[in-house]
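See below for the structure under consideration.
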Amino acid sequence: MNRDPKQVSEILEDYFNQCGNVEDALVHEIEQWHPTLQQNFTRFCIQWLKRLAEDGFSFDDRNKASVEFARSIKDKLERAYLPYI
C-alpha cells in the first residue's frame, strides 16, 4: 500500500499525539526492521534535525529544546554520511 507523505505525516501525528513521547515499543519495532530500512529511517531523522537547526525555523517553548539540541549538533548533521549499501 503506497501512502503519500501527507498520509504518513498524519499517521505519525496521530501516534505521537496519543502517546505523548517516543515509546520504547515503537523503538523496539524499528529495531526489527531490515537494516537498510533502519538506515533510511535514520536519514529521515537527520533531515528533520537539519530542518530544526535552520536559522529561520519558527519555534516556541513547546519545541525550543528540540531546536536548541538540533542547533548544538548542526555541524555533525551536515557531515552525516549514511551510504546506501
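Some points to look at:
- Some residue of the stretch 45-58 being within 14 Å of the chain's Cα centre (by Cα), surrounded by fewer than 10 Cβ atoms within 10 Å (Cβ to Cβ) and not charged (D, E, K, R): no
- You will find that of 50, 76, the residue that is at pLDDT 95 or above, part of a helix (DSSP H, G or I), closer than 21 Å to residue 12 by Cα and among the basic types (Lys, Arg) is 50 and no other.
- Count of residues meeting criterion [surrounded by 10 or more Cβ atoms within 10 Å (Cβ to Cβ) and closer than 22 Å to residue 35 by Cβ] in the stretch 64-85: 4
- Any hit, the stretch 13-32, residues being closer than 17 Å to residue 78 by Cα and not in a loop (DSSP other than H, G, I, E, B): no
The values are calculated or read from the model by the stated rules, or taken from the named source; none is laboratory data. Model, not experiment: these values are computed from the prediction. Positions of Cβ are generated from backbone atoms using ideal geometry, with glycine treated the same way; all protein chains shown enter the neighbour counts.
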